[in-house]
Amino acid sequence: MSDSTKKVVKRIRINVDKCNGCRGCEVICSASHATPRYSSVNPSRARIRVIRDPLADIYVPVFAGEYTAAECAGRDQYTIDGKEYEECAFCRASCPSRDVFKEPDSGLPLKCDMCESDPTLEEPLCVQWCLADALTFERVEVDAGAGGAAAGVAPEEIDAGLEALAKTYGWSKVIDAVARMSRNGNR
Amino acid sequence: MRYAETGYNLEVDLTRGNIERVATDPELTSLHLGGLGTNARLFWDRVPPEVSHFDPENLLIFGAGLLVGTPGPGCNRTIVSSISPQTRFFGFSMMGGFFAPEMKRAGYDKIILRGRAPAPVYLWIHDDKIEIRDATHLWGLGTLESAECIRQELKQPHAAVASIGLAGENRVFFASIEQGKSSASRVGLGAVMGDKRLKAIAVLGSKDIHVARPEEFIRLANESLAYIKHREKNPILGVMPIMAGLGSPQEMVVHDEEWHTENFVWGNARVRRKGFWTEEVRDSWTRTMETMRTRLLSCYNCPMKCGAAISVDTRACSYMMKCFSKLTYTMAAFSDLEFGLRIAQLATEHGVDSFSAPQVMAFALELLEAGILTEADFPGMPPDTNSRFYWLLDRIVRREGIGDVLADGTYWAAERIGKGAHEYAHNCIKKTEQLPLKLGMLNQMYFLMYCTGEKASITQIEGNFPQTPFPTREEQEAFTRDWPHVPDERFKRWFEEWELRGEKSIPNYPSAEASYEIVNWQEAMHYIDDATGMCAGLSSFPYKPPFHIHNLPELISAGSGLDLDERSLMHLTKRTRDLVRSLNVARGMRRVDDAPPADHWKTRFPELEQRLLDGYYDYKGWNRDGIPTRATLHALGLDYVAEDFLRRGILRPDEEAPDAEEAAAGATARGEGHAS
């Protein structure tokens, strides 16, 4: 397989300096995910939230990312240009430590789907509704590589890993394991 | 299933600490929509004219417009209503921001407050969980300050908070209710809140708002956004820059203040300063704005940026402001923009109306200069005007010394001071300070709007029809070419033919008959917005807005499930408008109250003016005292008002035209306007 495969990634650029705090992104996101579509609005169900603290002049639109079962061991607090951002202000996780990105009634995690739909939208709806251009959309081509993160790994690093296993279990067991896992399609 | 509205009000008795969630009658929605309409109806039903502003029986209602919380852009207005300490009439003051959407998502169309808490409290509403909480530790704090404390103690950084400052606590007659970037400022409803010992209401919701016909509603919302983009790229030519776009006047964005500073009057609404706007002033004020304004801000679900974060200290945002409050303190004190932006921060924390407060302070200094008040009334007041304004503001919000008198506003202060002080309270309509504007020649439309508007500000009745002719007819024709907003084609002719000078100029043109229709139309658009919660900035106020009489019926219908067309919407709006009139008539409002400040125009025409009022009252279906007639009330389904008026002797049984049916039909036609 060639290493030079390209793939298209959808990217939403977030410019916090341009956000006017209207929350239109939350409105249209929750409306478009309602059933039937657009039948109700509820920013609590939105997969984008504007983390905001008006008196600190903080407005950070954040998209819902992966669910995490456990909160982080530590917390981050950023200071940027003299403004102190609340803990987790930039985090996308649906996480036990906070209320956002969970269905208000079931608590089930929410995740941004980039408005994947049929027919495909030109831009996600939050971007379309952001007339301030705090949210802009682009499709960018990136190297897909042969195997994602592994594509750039040098062979000697894998050798070192296997040697460590062999030291513990012996080569024959390691070879058996590799052979068995390959046979099961566990690759 | 209720659409657009939640179908529940929250009733809070502050005296007893009782809280109830009460289902509303859908019939009232179909009669009055929501917001101001249903607020007015609640006042009619529950607050008789014997109840005065600071009685515990006076209600304070925070009402959300019918479409608030839907995806309709700009549908975010809270309509606060109570009996005003300033006008003594049914007062309503609207605010944008984030409060009403949060209230609806918590599950309530209105919060209805009655009684008086035994000690300072605040209300915390989190969906179905409602608490009346102690606020003694917040009493005395600023509006934004206390809101921040509340968010911190509740650990709810995103709760919407509406609060009062010292002014409201001390029942200053022009105290506001502040809510971050927005405020319900006019006619002193903050004083009623203070009288009820309610420091703040904090609300957070997580429920759904439903719309009846989703696809149709979202199409209309998307069309409006596309149109807003179009208007952003295509400002209106031939008008002053702040009026060229949508939204409220774009004071936070536009630096060119020639129009305001040279056409509006300075001091206690006195001095016009032609030639003020020099290059030097322009550069200096532009610098001030660009340094102190840290971000442009929007209200909930609206792409306009009518507000701004202003920094007056080390904080990136010390407070938020919008619109003409940018200049009111500056102009009242004959000062500069930096002074205005700085004192407005304190004034916002204290919670005062930024139209009235600066005029009250300038009025005090005029009385001192005239010898009606003396140095002894101002012990320790510093010598320079800027410092005097800070000194006066502090006395007023604490009601200390002369501040206690001034806290009643110019009209009531003049009452207390006597000695000819009324000559100096010269810029009031219905006892409320107006925009500082003094003009030469009477304009019939504006005469009627100033007289008959019941919303304490000209900006809440004027709107879609240009304020003045353009320099040439060609420019006027260019304007009307793309003007579908008017109810009828003849409105276009009226504007096209209007001239700056000559036969077809003010005061003769637009004619009385044209003026009745233009004023009625503009007023109706505002009343529609106040019922739906749509911001005037996207509908009734600017030129060529995205929402107008031809698409609002569909938007309201698709959102609420009501089946409205232009005729029925106009009829319903007239019902609410005349109910508001009736509330005030019951409180004693009469023709004599329908008057502009005596010096608003230099050239007045007493006979013409009286003819105009007669004609417009006829047009409205009101009698010569400005009271809706029985036939009008009947046609609007307000027989219960007519019966009350007969009982009270406000209307007499014999004064109606015998053919009530014909009169009723006429009134209905007028109420329904002239939909094309």
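Coordinate-derived values only; no laboratory data. None of the values given here were measured: they were computed from a predicted structure. Note: ideal-geometry Cβ built from the backbone for every residue, glycine included; neighbour counts use all protein chains shown.
Which of A:Leu108, A:Leu131, B:Leu435 comes first, and how do the rest follow, when ranked by fewest Cβ neighbours within 10 Å?
A:Leu108, B:Leu435, A:Leu131
For chain B, calculate the relative contact order in percent as a whole number, restricting contacts to Cα pairs under 8 Å that are 6 or more residues apart.
Over chain B, the number comes to 15 percent.
Please get the size of the charge dipole for segment B:245-385, origin at its Cα centre, with Cβ charges of +1 on Lys and Arg and -1 on Asp and Glu, quoted in debye to the nearest 20.
540
For B:Leu437, what residues show an amide H to amide H distance below 5 Å, using hydrogens built from the backbone and excluding near sequence neighbours?
HN-HN under 5 Å from B:Leu437: B:Val265.
Please report the antiparallel percentage of the DSSP beta bridges confined to the protein assembly as shown, to the nearest 5.
Taking every DSSP beta bridge within the protein assembly as shown, about 85 percent pair in antiparallel fashion.
For q = 0.12, 0.15, 0.22 Å⁻¹, what log10 I(q)/I(0) does segment B:566-628 give under the Debye formula with an equal point scatterer on each alpha carbon and no solvent?
Calculated log10 I(q)/I(0) at the listed q: -0.38, -0.56, -0.96.
Let me understand segment B:8-204 better: what is its radius of gyration from the alpha carbons, and its Dmax, in angstrom?
Considering segment B:8-204 through its Cα atoms, Rg and Dmax are 15.0, 43 Å.
Would you mind ranking B:His350, B:His158, B:His426 by Cβ crowding within 10 Å, fewest neighbours first? Before the final figure, lay out the partial values.
Numbers: B:His350 27, B:His158 17, B:His426 20.
Listing B:His350, B:His158, B:His426 from fewest to most nearby Cβ atoms yields B:His158, B:His426, B:His350.
Express in whole angstrom the spacing between the alpha-carbon centres of segment B:309-371 and segment B:133-189.
Result: 18 Å between the Cα centres.
Where Lys and Arg each count +1 and Asp and Glu each count -1, what net charge lies around A:Gln77 among other residues with Cβ under 12 Å from its Cβ? The partial results should precede the final answer.
On the way: positive: A:Arg75, A:Lys83; negative: A:Asp76, A:Glu84, A:Glu86, A:Glu87.
Net of charged neighbours comes to -2.
What is segment B:439-671 by shape, rounded, prolate or oblate, if you read a ≥ b ≥ c off the alpha carbon gyration tensor as root eigenvalues and call it rounded for a/c under 1.5, prolate for a/b larger than b/c, and oblate otherwise?
oblate
If N is the number of residues in segment B:321-460, what value comes out of its Cα radius of gyration divided by 2.2 N^0.38 Å? Intermediate results must be reported in sequence, preceding the final value.
Values: Rg = 15.1 Å, N = 140, 2.2 N^0.38 = 14.4 Å.
Cα Rg divided by the expected 2.2 N^0.38 Å: 1.05.
Can you tell me the Rg and Dmax of segment B:241-433, counting just the alpha carbons, in angstroms?
Values for segment B:241-433 (Cα only, Rg and Dmax): 17.0, 52 Å.
Between helix A:155-169 and chain A, what is the angle of the helix's C-alpha long axis to the longest principal axis, kept within 0 to 90° and rounded to the nearest 10?
Computed tilt is about 70 degrees.
What's the center-to-center distance, using Cα atoms, between segment A:1-43 and segment B:554-625 in Å?
Centre-to-centre (Cα) distance: 46 Å.
Charges only on Cβ, +1 for Lys and Arg, -1 for Asp and Glu: so what's the dipole of chain B about the Cα centre, in debye to the nearest 20? The partial results should precede the final answer.
Working: 77 positive and 93 negative charges, 218 e Å.
For chain B, the charge dipole is close to 1040 debye.
Using only C-alpha atoms and all pairs of different ones, pull out the Kirkwood radius for segment A:18-66 in Å with one decimal.
11.2
What does the average come to when, for each residue of peptide A:33-39, you count the partner chain Cβ atoms lying within 10 Å of its Cβ?
For peptide A:33-39, the averaged partner shielding equals 4.
Please order B:Leu296, B:Leu406, B:Leu36 by the number of other Cβ within 10 Å, starting at the fewest.
Ascending number of Cβ neighbours within 10 Å: B:Leu296, B:Leu406, B:Leu36.
At 18 angstrom or more along the helix axis (alpha-carbon based) and mean Kyte-Doolittle of -1.0 or higher, what helices does chain B contain? Whole DSSP H runs only.
Long hydrophobic helices here: B:214-233, B:337-350, B:356-370, B:385-398, B:512-532, B:566-586.
Have a look at the protein assembly as shown and give its Rg and Dmax from the Cα atoms, expressed in angstrom.
29.5, 114
Per-residue mean of other chain beta-carbon atoms within 10 angstrom of the beta-carbon, peptide B:207-216?
5
Which shape class applies to chain A: rounded if a/c is under 1.5, otherwise prolate when a/b exceeds b/c and oblate if not, where a ≥ b ≥ c are the square roots of the Cα gyration tensor eigenvalues?
Verdict is prolate for chain A.
Hey, what did segment B:568-660 get for relative contact order, percent, Cα under 8 Å, at least 6 apart? Don't skip to the answer; put the middle values down first.
On the way: 55 pairs, mean separation 28.6, N = 93.
With pairs under 8 Å counted, the relative contact order is 31 percent.
As I understand it, the dipole of the protein assembly as shown uses +1 on the Cβ of Lys and Arg and -1 on the Cβ of Asp and Glu, about the Cα centre. Which of B:Gly7, B:Pro120, A:Ala154 lies farthest toward its positive end?
Result: A:Ala154, furthest along the dipole toward the positive end.
After finding the eigenvalues of the alpha carbon gyration tensor for chain B, what semi-axes result from the square roots of 5 times each, listed largest first in whole Å?
Calculated on Cα positions only, the semi-axes equal 33, 31, 27 Å.
Shielding by partners for B:294-306, please: the mean number of other protein chain Cβ atoms within 10 Å of each residue's Cβ. Don't jump to the answer; show the numbers that get you there.
Details: counts 1, 9, 5, 7, 8, 4, 7, 10, 5, 7, 4, 5, 1.
Shielding by partners across B:294-306 averages 6.
To the nearest 10 degrees, how steep is helix A:171-183 against the longest Cα principal axis of chain A, on a 0 to 90 scale?
Relative to chain A, helix A:171-183 is tipped by roughly 50 degrees.
Which shape class, rounded, prolate or oblate, goes with segment B:5-57 when its Cα gyration tensor gives a ≥ b ≥ c as root eigenvalues, a/c under 1.5 marks rounded, and past that a/b bigger than b/c marks prolate?
oblate
Running a GNM on chain A with Cα contacts under 10 Å, which residue among A:Leu162, A:Leu55, A:Leu135 ends up with the highest mean-square fluctuation?
Ranking A:Leu162, A:Leu55, A:Leu135 by mean-square fluctuation puts A:Leu162 first.
What longest region of chain A stays clear of GluC sites (Glu not before Pro) that DSSP places outside H, G, I, E and B and that have at most 10 other Cβ atoms within 10 Å?
Result, exposed sites excluded: A:1-115.
So what's the back-of-envelope 222 nm ellipticity for the protein assembly as shown, counting only DSSP H runs of four-plus at -39500 (n - 2.57) apiece and dividing by all residues, rounded to 500?
About -11000 deg cm²/dmol.
Given Cα pairs under 8 Å that are at least 6 residues apart, what percent is the relative contact order of chain A?
29
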